[in-house]
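These notes concern the structure reproduced below.
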Amino acid sequence: MVQTASQSPPPGLAARRIAAGILSGVLLRRRPFDEQIETSGIGALPERDRALVRAISATVLRRLGTLRHLLTPMLERGLPREAPQIEPILLVGAAQILFLDVPDHAAVDLSVRLAQADRHASHFAGLVNAVLRRLAREGKDKLASLDTAMLDTPDWLMRRWIARYGEATARAVALAHTREPALDLTMKSDPAEWAVRLNGRVLPTGTVRTAASGPVAQLEGFKEGAWWVQDAAAAIPARLLGDVRGRSVADLCAAPGGKTAQLAHAGARVTAVDRSPARLARLRQNLARLGLTAETVEADAALWQAGPFDAVLLDAPCSSTGTVRRHPDIPWLKSETDLGKLAALQARLLDRTVTLLAPGGTLVYCTCSLEPEEGEDAIAALLSRHPGLQRRPIAAGEFAGLDGLVTPDGDLRTLPCHWPDDDPRMAGLDGFYAARIVRNQRA
């Protein structure tokens with residue numbers, strides 16, 4: 001029955017409506033998931049409903065291939081072109097039925113209500129009801145027989161990962177992407193103490209990992225600036241510069257500022273460069289909360305002229321295929337054709353870093369990508385273009401936690417399936433590549 005103005009909406013309907021809207025933005029308008037979350041109106045909901053919105057929308061994106069595979073045969077005439085919102089509505093219901101702890105009848109009923117409330121989709125409310133009821137009857141049995149690792153990873157990505165890392169590792173990466181990651185925090189001091197206070201654990205590299213739920217800003221230590229959010233893998237590249245106390249360091253493409261904070265906290269004289277005014281403003285806010293200082297510059301790092309610096313850290317824009325655990329929209333928004341454009345940008349940025357480095361200076365280049373064009377190949381090409389540069393290999397024993405993460409060439413390569421744990425919530429880390437390069441004294 002269509003909701004009348006005098007009736008109050010059923011509990012949970014607003015959360016499902018916002019989740020469907022977020023998915024429409026990602027899947028139909030190809031907008032980033034985080035951007036859609038920020039502009040969705042989720043902040044007006046109670047915390048429990050905010051968590052539900054995130055759970056539903058993220059689960060749909062993590063299991064999109066599987067959900068579409070199961071729903072497609074149940075749509076004898078396909079999705080109605082005149083009502084594109086039907087697919088997000090069906091996906092919201094299907095994710096609850098198959099993967100979330102929601103009673104089937106509630107998932108079906110609220111999805112039907114979503115369709116009824118949409119002027120384009122209301123004509124298809126009966127279709128939503130029939131499809132989701134059938135999925136509730138048959139879906140879990142069908143799910144058990146599916147190769148979900150293959151279904152939930154676009155063909156172009158799985159093909160590349162199998163070729164690069166082997167099928168077993170590629171499947172392990174895909175499995176890691178189905179799990180909601182824990183919260184990783186970089187501490188200003190006393191990680192062991194903070195691990196106890198936040199009900200977490202200290203990882204080998206010193207990062208504190210916690211499964212704490214709720215808004216990050218409400219966790220103990222946030223307001224007083226005791227820590228900042230940073231994946232364990234993302235916290236490694238800045239440490240590859242070694243002792244930076246008193247040294248001048250340029251942090252290129254710096255926002256949102258985790259690495260800037262690391263360098264400033266370690267005593268470096270940091271210049272943080274980013275082309276986005278909004279992201280740079282967030283970086284400044286983070287530094288202010290943490291009580292840290294750095295010079296900030298709004299500029300295109302590929303064109304910026306300054307220095308020379310003792311060290312440069314370049315976390316280059318990339319396909320971000322190593323961060324699917326935290327950004328499940330990436331496989332569905334990126335394509336293989338993006339890699340060439342990104343590799344060309346990375347080459348321009350790398351060439352610029354050479355002009356910024358003082359003789360004897362150190363460059364750490366990193367990307368949160370699993371693709372060799374954005375990692376190993378980029379560094380090989382850089383070294384061939386600039387004979388005055390040489391790789392300074394990373395040693396596995398350089399600091400704790402690097403065992404198994406260093407390549408034969410001496411570069412860092414982390415994968416989402418690294419650092420397994422008996423508790424799946426506490427396993428894994430982002431996929432990162434990093435290389436350390438030194439400019440010769442006479443270059």
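FYI, it's all coordinate maths here, none of it is from the lab. Nothing here was measured: the structure is a model prediction, and the numbers come from that model. FYI the Cβ positions are ideal-geometry reconstructions off the backbone, even for glycines, and counts take in every protein chain you see.
Taking every DSSP beta bridge that has both residues in the chain, what percent is antiparallel when rounded to the nearest 5? Spell out each step's value before the answer.
Values: 22 of 41 bridges.
Here the share of antiparallel DSSP bridges comes out near 55 percent.
When the alpha carbon coordinates of segment 183-439 are projected onto the principal axes, the ranges are 49, 37, 35 Å, largest first. If R₀ is 22 angstrom, what is the calculated FRET efficiency for the pair S122 and L28, using the beta carbon separation as r and rounding to 0.05? Taking R0 as 22 Å, the efficiency between S122 and L28 is 0.75.
Put the Cα centre of segment 287-349 next to the Cα centre of segment 229-254 and the gap is 13 Å.
State the antiparallel share, in %, of DSSP beta bridges confined to segment 292-443, rounding to the nearest 5. Before the final figure, lay out the partial values.
On the way: 13 of 19 bridges.
If we restrict to bridges inside segment 292-443, about 70 percent are antiparallel.
If only the Cβ of Lys and Arg carry +1 and only the Cβ of Asp and Glu carry -1, the dipole of the chain around its Cα centre is close to 560 debye.
Every helix of 4 or more DSSP H residues in the chain counts as -39500 (n - 2.57), and over all residues that averages to -12500 deg cm²/dmol at 222 nm. What is the log10 of I(q)/I(0) for segment 369-443, computed with the Debye formula using one identical point scatterer on each Cα and no solvent, at q = 0.19 Å⁻¹? Taking Cα atoms of segment 369-443 as identical point scatterers yields -0.84. Charge tally for L339 (other residues, Cβ to Cβ under 11 Å; Lys, Arg +1; Asp, Glu -1): -3. Here segment 183-439 is assigned +1 on the Cβ of each Lys and Arg and -1 on the Cβ of each Asp and Glu. Its dipole about the Cα centre then comes out at about 680 debye. The Cα trace of segment 4-73 gives Rg and Dmax of 13.2, 40 Å, the first to one decimal, the second as a whole number.
Roughly how tilted is helix 13-27, in degrees to the nearest 10 and between 0 and 90, from the longest Cα axis of the chain? It is inclined by approximately 60 degrees. Using the Cβ-Cβ distance between A396 and D351 with R0 set to 22 Å, the FRET efficiency from 1/(1 + (r/R0)^6) comes to roughly 0.15.
Computed from Cα positions, the angle between helix 104-117 and the longest principal axis of the chain comes to roughly 90 degrees.
Put a dot 7 Å past the Cα of D421, heading toward its Cβ, do the same for S213, and the two dots end up 1.6 nm apart.
Starting from the Cα of Q441, step 7 Å toward the Cβ, then list every residue of segment 350-386 with an amide N under 19 Å from that point. Answer for segment 350-386: 357-363. Relative to the longest principal axis of the Cα atoms of the chain, the long axis of helix 167-177 lies at roughly 70 degrees.
With Cβ to Cβ distances under 10 Å as the rule, what net charge do the other residues near R325 carry (K, R +1; D, E -1)?
Summing Lys and Arg as +1 and Asp and Glu as -1 gives 0.
Over segment 70-198, what per residue volume does the convex hull of the Cα atoms give, in whole Å³?
Numbers: hull volume 25.6 nm³, N = 129.
Each residue corresponds to 198 Å³ of Cα convex hull volume.
Would you kindly state the longest site-free stretch of the chain, with sites defined as trypsin sites (Lys or Arg not before Pro) in a DSSP loop (not H, G, I, E, B) surrounded by at most 15 other Cβ atoms within 10 Å? With trypsin sites (Lys or Arg not before Pro) excluded where exposed in loops, the chain gives 246-441 as its longest stretch.
Fully extending the segment from D101 to D190 would add 28.3 nm, taking 0.36 nm per residue of separation and subtracting the current Cα-Cα distance. Placing unit charges on each Cβ (+1 for Lys and Arg, -1 for Asp and Glu) gives segment 166-275 a dipole about its Cα centre, and among A268, A226, A255 the Cα reaching farthest toward its positive end belongs to A268. Across segment 297-411, the volume of the C-alpha convex hull divided among the residues equals 138 Å³ per residue. Charge dipole (Cα centre; +1 on Lys/Arg Cβ, -1 on Asp/Glu Cβ; no other charges) of segment 31-72 amounts to roughly 260 debye.
Within segment 246-340, the ratio Rg/Rh, alpha carbon atoms throughout and Rh by Kirkwood, equals 1.02.
Computed FRET efficiency, Cβ-Cβ of S145 and A306, R0 56 Å: what is it to the nearest 0.05? So, using R0 = 56 Å, E works out to roughly 0.45. Considering only S40, L349, L383, the residue lying farthest towards the positive end of the dipole of the chain is S40, judged by Cα position with unit charges set on Cβ. Using just the C-alpha positions of the chain as equal point scatterers, what log10 of I(q)/I(0) does the Debye formula give at each q in 0.08, 0.09, 0.10, 0.13 1/Å? So the normalised log intensities work out to -0.50, -0.63, -0.76, -1.19.
Relative to the 2.2 N^0.38 Å rule of thumb, segment 13-146 has a C-alpha radius of gyration ratio of 0.97.
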